[in-house]
């Protein structure tokens, strides 16, 4: 890891942890074991996973199918009706998705709409794991708008930590409507997120 | 929400006597300020950011028609239906028609001050629709049937004991003061609503002209729910909320989140561009942007007041205002509170109806100092005061006394005479001159005036020579 990346990832980790999230850095080789360990430890009962190019390359679906067949909720929509799809997402206790960019200054995950068609995945389940490549790390939000991947016509979502509120006497409570638990696995894979 | 701004003076003692509200408001304000200060200290170039934002807003407000046309065009190219509403009646009617067309029964809403301003909820409820507030603070006050008392923390005037009792009564859950338990109860109730809603209504923090998109910041996730789950998403946008380019967004979001809640970024930021008619993509099939004027154009006619349109609704001016900290949000009688509310309520509601608000200020200037877009707030308060006095809307005897004073002050003899008379009459008159002396003791006018002392000193030193 070059020095600049090191500083950025350290900053990113610090920010995520300040927000009560979790962040681990790993090689692509160890990713599979890490995912399996994480899910086993947490004892998740129903899992939903995003499907896109980045996660296909990491063979996420394969990993989940071989270790967690009973927990995995298949989301493919053709043949499934919307109500069933939604109730699966609403009942799931764990979701795995990828992010397109990581922002070090604020501990933020960036999701470009065109790469994440099932954005309810990062919203409904109470526990969320996001996988992203170290090379998708940028220093701050301003940098995002200099990236060539950003199209003019693109919906985006930024996620910075778990869902939270302080509406009751300014006391912090996590997991209001969105995820209560947020974990990020940063890999040093070569390809950027999405596509 | 029915404005109660004309009852400001009358209602004030009631608010000042509400110890729970005062404690909660003061505590919450100080907490928010402390966090804000921490975040601002991290940014050495903060002042220059304020300046940049001020200039961008100035440019937009000075060319608003052009930017509105451009925004509308771009949004429509993306498949969004844009409606430019002149006032509350037009805005509400349009959305109601969409609701009828699409057989909408249940609307879920995220926190939006402009919908409070338009009386949207009541309009829909009166016509048989169910409207559910999903922001936790708004959900609480909806259950309590109260108006919000702050921009970003609408239920901040309530203690957890009050909320616990409320939830026990209205949600039929066992009594608990634990915020975690209360939040979980709200989550459960609201999730059902999100999943069954026919329409989601949100506001918008910014409208990005370059690509016709809107940006909404939030911490809970309810905005994402409202703008993704129901088949229809309606976003209300004040016409003044536009920024020219998407590259401007980082600047404004940075200023907003750090000033409002002392966060680097809120948990979620959604940049919304278009509908998704395909069932394979999560998102609404139809998206509507309602661009609301509702007297905002009136501000444009006054070259000082139009600066009030730069406001990004962060609420920092509320938090720092000693008056707000003590009287709380409800005292301001309408949806916009604190220093900015005291300036714009008279514009929206009429100088006559809100004439006491600009006077509820010590002009300490803290609001001007803290405003992320450098609106000269306390100068505008003074400006509104002048307009109110010029409009003969203040107490007549005040004007007479001021005129009398000016007359007397122009002659030193008369001024001295008034001073000596004042000393005699002070004790008698203080009760009647001003409510100021009801809770304060005015310094007693000394028998020996400065000029007397000076004369003595001069004679002494002449003597010494």
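One table, with the values for the structure above:
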quantity	calculated
Principal-axis tilt of helix B:396-409 within chain B, Cα atoms, nearest 10 degrees	40
The stretch B:349-416: mean projected area of Cα convex hull, nm²	6.2
Residue-averaged beta-carbon neighbours from other chains (10 angstrom radius) around A:175-188	4
Peptide B:254-261, shielding by other chains (average Cβ, 10 Å cutoff)	1
Interatomic Cα distance distribution for the stretch B:139-290, bins of 10 angstrom, percent	10, 32, 34, 19, 4, 0
Peptide-level mean, for B:221-231, of C-beta atoms on other protein chains within 10 Å	4
Theoretical gain in end-to-end length, residue B:281 to residue B:453 [0.36 nm per residue, Cα-Cα removed]	53.4 nm
Separation of alpha-carbon centers, the stretch B:202-241 and the stretch B:344-366, rounded to whole Å	30
Which of B:282, B:145 has the fewest Cβ neighbours within 10 Å, and the rest in rising order	B:145, B:282
The stretch A:94-170-the stretch B:439-461 distance, computed between alpha-carbon centres (Å)	69
Least to most buried among A:96, B:370 (fewest other Cβ within 10 Å first)	B:370, A:96
Expected 222 nm ellipticity per residue - DSSP helices of 4 or more, -39500 (n - 2.57), all of chain B, to 500	-16500 deg cm²/dmol
Extent along principal axes [Cα atoms of the stretch B:239-290; Å; largest to smallest]	38, 25, 19
Along each principal axis, Cα extent of the stretch B:46-189, largest first, Å	55, 49, 25
Simple label model, 7 Å out from Cα along Cβ direction - residue B:7 to residue B:399, nm	2.8
Principal-axis tilt of helix B:412-433 within chain B, Cα atoms, nearest 10 degrees	60
Dimensionless Rg/Rh of the stretch B:319-456 - Kirkwood Rh, Rg from C-alpha atoms	1.06
Fewest-first sequence of B:175, A:85 by Cβ atoms within 10 Å of each Cβ	B:175, A:85
Full-stretch length increase - residue B:26, residue B:14 - with 0.36 nm per residue and alpha-carbon distance subtracted	2.7 nm
Alpha-carbon radius of gyration plus Dmax, which is the widest Cα pair, for the stretch B:36-80 in Å	16.0, 42
Debye intensity ratio I(q)/I(0), log10, the stretch A:78-175, q values 0.18, 0.23, 0.25 Å⁻¹ (C-alpha model)	-0.95, -1.22, -1.30
Global size of chain B as Cα Rg and Dmax, reported in angstrom	26.0, 101
Inter-part distance where the stretch B:6-62 and the stretch B:390-424 are each reduced to a Cα centre, Å	36
Calculated Rg and Dmax of the protein assembly as shown using C-alpha coordinates, Å	28.5, 111
All-pairs alpha carbon distance profile, the stretch B:302-390, 5 Å steps from 0, percent	3, 16, 30, 28, 19, 4, 0
All-pairs alpha carbon distance profile, the stretch B:217-305, 10 Å steps from 0, percent	14, 34, 37, 13, 2, 0
Principal axis dimensions, largest first and in whole angstrom, of the stretch A:103-143 by Cα	28, 22, 17
Distance (nanometres) between label positions extended 7 Å along Cα→Cβ at residue A:93 and residue B:73	5.4
Cα-based Kirkwood hydrodynamic radius, chain A, one decimal, Å	17.1
Principal-axis tilt of helix B:64-77 within chain B, Cα atoms, nearest 10 degrees	10
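Here, each number is a calculation from the coordinates, and none is a lab measurement. Owing to the predicted nature of the structure, the values given are computational and were not obtained by experimental measurement. When we count neighbours, we look across all protein chains shown, and the Cβ atoms used for this are built from the backbone with ideal geometry, even at glycine.
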